[in-house]
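The values are calculated or read from the model by the stated rules, or taken from the named source; none is laboratory data. Please read all numbers here as calculations on a predicted model, not as lab measurements. For neighbour counting, all protein chains shown are included, and Cβ atoms are generated from backbone atoms with ideal geometry for every residue, glycine included. Keep in mind that these areas ignore ligands, DNA and RNA; they rest on the heavy atoms of the full protein, side chains included. Shrake-Rupley method; radii C 1.70, N 1.55, O 1.52, S 1.80 Å.
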Amino acid sequence: MMNSPESNSMQREMIFHRCDRTDAWKVLQRHYETQGRRFNLRDAFARSADRFEIMSVQAPEVFADLSKNLLDTATLQLLLDLARECGVETRRAAMFAGQPVNTTEGRAVLHTALRAPKGQGPFSDDVHRVLDAMLAYAETVRDTATSGIRHIVNIGIGGSDLGPQMVVPALDAFAHRGLTFHFVSNVDGHDIVPTLRGLKPAETLFVIASKTFTTQETMANAHVAKDWFVANGGTDTARQFVAATTNVKAAAEFGITTTFGFWDWVGGRYSLWSAIGLPIGLAIGAEHFCALLAGAHAMDRHFAEAPAHRNLPLLLGLLDVWYRNFHGFTSRSVAPYHQGLRRLPAYLQQLEMESNGKCVDLGGEPLPFATSPVVWGEPGTNGQHAYFQMLHQGTDVIPVEFILVKTPAHPLHDLHAKLLANGLAQSQALMRGKSSAEALGEKASTASAALDPLVLAKHRSFPGNRPSTTLILDELTPTSLGALIALYEHRVFTSGAVWGINSFDQWGVELGKALCADLLPRLAKDGDLDGIDASTAGLIQRLRAA
Ligand code: F6P
C-alpha cells in the first residue's frame, strides 16, 4: 500500500482535476444552454427508433434503461470527456490499489477488497481469515436446535446498522426461518424498550456493531442491553454478546470475548461486506453471504474494466453530475418496486449524502458548484399514493429511479404483474405527460361540472418530460443485491471524483457530536447555562426534567 508523504502528494497531483476547471465542463455548459435545457424526451423517442437499445446497459445482474433521461449520445460523450479530464479512471485505479484516496484521514478505501475472492485483492489473508471465522460462527448460531438462539438484536447506527437492516429483509426469501432480527440504533428508549419486550435472554444474541466502539448511541444501547440481560436472569454474557469492530480492545473491556474485527480502510457506510455484515450472515448463511460478496465483486470488475460508454456505475455517476450541475435538480427519488427493499432509500441516503455532501474540494477550497443531491424515496406502489403527485405535477423536476424485479420470490404472480405494471406506468407517465388538449378531450368522473372545462383541463394536464431510470434485476438474490449495492457505491465514487471532493470522510457529523457532549450536563436540573445562545438555553429550560 502506498501511504508515504510522497505518495500522498503524488495522489493529489494525479487525481485532483476539479470539474469546473476542465475544458469539458465549459463545453458541457454551452451544450446545456444550446440544447440540453430544451431536450424533449417524446421528440427524442420519435427521432430515434433504437433509442432504448442505444441507451440501455447490461451490467452484471443489473439491466439499466437510461433512455427516459434528458440526454442523448452527444451529451453522454461530453460527460465521458469530463470524466476523463477529471481523472476519474486514475482515481478509480488508485482506490482499487489501496492508495490513500481518503486524504483527510490518510486512509485507503478498500471495501472492494472485502469481496475479492481468496488470493485476490489487497489484504486477502486478513479479509478471508475474518470472513471464514465469522461465517463459521454464524453457522453455529443458525443451528438453532443446538444454539438455542431465536432472536438477533443488532445494536449499531449509521453504517453499522443501515446495511444489515436493509439487506436482511431484502433477502427474506433466503433467511433462516427460526431467527427473528431486530435492529436498535437510536439513543432513544422508544427504540430499545419495545425491542427487548418479550425477549428471553437465553434465546437472544446481541451483536454490538461499531467500527469505533465509541459511538454514543451504540455504547448507551449496548449497556442498556447488558443491564437488561443480567436483570432478566441472563448468565452467559460472553456467549450472547458478540462484537463487530475495529476496536477489539474496547469490545474486550465491555466484556465481549467473541469479536470479529475489520480495518480502518473500511468506511462505515461501505462496511456491510465486513464483520458488520454478521447479522446478514446469521440470516442467510455462509453460502448466500459469499454470493452477496460475489455479486458485488462482479460489479467491481465491471466498474474497473468495462469500456466507459458501457460502464454502468460511471454512466450513472455522470448522469448525476449532468442533473445536479447543469439542470440544477436538487434531489433524486428512489422507488424500489419490491417491499423487501423498503430500507434501500435510507441506506442510499447515508451512502450518497454522507459521502458526497461536501462543500470544499480535495485542496480545501470552497466549491462554486453543487454536490450531493438529496436522495429519498419509498417502495412502490406506496410512494405513488403519497408524493408521486409532486413528481408528476410539482414545480420541481426530480429524476426518479425505478427498481423492478422480474421474478418474485412468492407465488402470487397476479399481484406481481400489477406491481410491475405500476412501476412501468409511472415512468411512462413522467415522460409522456398529458397536454391540456388531451385532458380536455377526456371525461373525469370526479371533476366539478361547475368549473370552466378549460380551467379544469389545466389542472388535469401533466408537463411530462420528467426523467427516470429503470433498473431491472431478474430476481432479488444475494448475488443480484450485492451487484446492485456495489453499483451504487461506484456511482457515488464517480460523481465525487468528478467534483474533486473526498467522498470517504464525514467531518460534518463531528460538530454536533461535540456540542452534544457539552449540552448533556447542562440538561441536568442544576446544569450551567452560561455561555450558550439564548435559544438553546431557553429550550433546555423547557426540556429539563422537573
Ligand atoms: O454518523 C457518523 C458515523 O461515523 C458514520 O459514518 C458511521 O457509519 C456511524 O457514525 C457509526 O459509527 P461506528 O460504527 O463507529 O459506531
Margin query: For segment 196-215: of the residues being more than 9 Å from the ligand (Cβ to nearest atom) and over 22 Å from Ala238 (Cβ atoms), which is least open to solvent (accessible area, probe 1.4 Å)?
Written below: Gly198
Margin query: Exactly one of these conditions fails for Asp528: (1) surrounded by 15 or more Cβ atoms within 10 Å (Cβ to Cβ); (2) among the charged types (D, E, K, R); (3) not in a helix (DSSP H, G or I). Give me its number.
Written below: (1)
Next item on the list: Check Ala283 against each of (1) among the small types (Gly, Ala, Ser); (2) under 21 Å from the mean Cα position of the chain (by Cα); (3) within 23 Å of Asp126 (Cβ to Cβ) and name the one condition it does not meet.
Entry: (3)
Margin query: Considering only residues that are open to solvent by less than 10 Å² (accessible area, probe 1.4 Å) and away from the ligand (no atom under 16 Å from the Cβ), which ones fall in segment 171-195?
Written below: Leu171
Item checked: Qualifying residue in segment 345-364 (condition: of a type outside the set (Gly, Ala, Ser), within 16 Å of the ligand (Cβ to nearest atom) and free of Cβ contacts under 8 Å to residues at least 60 places away in the same chain) -> yes
Next item on the list: Show the residue pairs that are 6+ apart or on different chains and have beta-carbon atoms under 6 Å apart, the first residue being within segment 493-512 and within 21 Å of Gly317 (Cβ to Cβ) and within 10 Å of the ligand (Cβ to nearest atom), the second being open to solvent by 10 Å² or more (accessible area, probe 1.4 Å) and in a helix (DSSP H, G or I).
Entry: Gln506/Glu354
Next item on the list: Check whether at least one residue in segment 147-159 is within 16 Å of the ligand (Cβ to nearest atom) and open to solvent by 50 Å² or more (accessible area, probe 1.4 Å), and report yes or no.
Entry: yes
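Is it true that some residue in segment 517-533 is within 16 Å of the ligand (Cβ to nearest atom) and more than 22 Å from Val360 (Cβ to Cβ)? Can you show your working first?
Going through segment 517-533, the residues within 16 Å of the ligand (Cβ to nearest atom) turn out to be 517.
With more than 22 Å from Val360 (Cβ to Cβ) added as a condition, the list becomes 517.
Scanning segment 517-533, I find at least one residue that is within 16 Å of the ligand (Cβ to nearest atom) and more than 22 Å from Val360 (Cβ to Cβ), so the answer is yes.
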Note to self: Between a residue in segment 214-242 that is within 20 Å of Pro279 (Cα to Cα) and touching a residue at least 24 places away in the same chain (Cβ under 8 Å) and any residue that is more than 16 Å from the ligand (Cβ to nearest atom) and not small (Gly, Ala, Ser), which pairs come within a Cβ distance under 6 Å, given they are 6 or more apart or on different chains?
What the structure shows: Phe229/Pro201; Gln240/Leu205; Val242/Thr258
Checklist line | Test set (1) touching a residue at least 40 places away in the same chain (Cβ under 8 Å); (2) within 14 Å of the ligand (Cβ to nearest atom); (3) under 24 Å from Asp505 (Cβ atoms); (4) surrounded by fewer than 22 Cβ atoms within 10 Å (Cβ to Cβ) - Asn247 fails condition number | finding: (1)
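Here's the yes/no breakdown for (1) without any contact (Cβ under 8 Å) to a residue 60 or more places away in the chain; (2) under 17 Å from Gln389 (Cα atoms); (3) of a type in the set (D, E, K, R):
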| residue | (1), (2), (3) |
| --- | --- |
| Ser427 | no, yes, no |
| Arg432 | no, yes, yes |
| Ala450 | yes, no, no |
| Ala457 | yes, yes, no |
| Pro467 | no, yes, no |
| Leu471 | no, no, no |
| Asp474 | no, no, yes |
| Thr477 | no, no, no |
Next item on the list: Could you tell me which numbered condition Asp125 fails, if it satisfies all but one of (1) in contact (Cβ under 8 Å) with a residue 24 or more places away in the chain; (2) open to solvent by 70 Å² or more (accessible area, probe 1.4 Å); (3) more than 23 Å from Ala202 (Cβ to Cβ)?
Entry: (1)
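Results for (1) open to solvent by less than 10 Å² (accessible area, probe 1.4 Å); (2) assigned to a helix (DSSP H, G or I); (3) touching a strand residue (DSSP E or B) at 6+ places or on another chain (Cβ under 9 Å), shown as yes or no for each residue.
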| site | (1), (2), (3) |
| --- | --- |
| Trp228 | no, yes, no |
| Arg239 | no, yes, yes |
| Trp265 | no, no, yes |
| Leu272 | yes, no, no |
| Ile280 | yes, yes, no |
| Phe289 | yes, yes, no |
Checklist line | Conditions (1) closer than 24 Å to Val248 by Cα; (2) more than 12 Å from the ligand (Cβ to nearest atom); (3) in contact with a helix residue (DSSP H, G or I) (Cβ under 6 Å, 6 or more places away or on another chain); number of the one not met by Leu131 | finding: (3)
Next item on the list: Give segment 442-458 a look and list any residue that's open to solvent by 70 Å² or more (accessible area, probe 1.4 Å) and of a type in the set (Gly, Ala, Ser), or say none.
Entry: Ser445, Ala449, Ala450
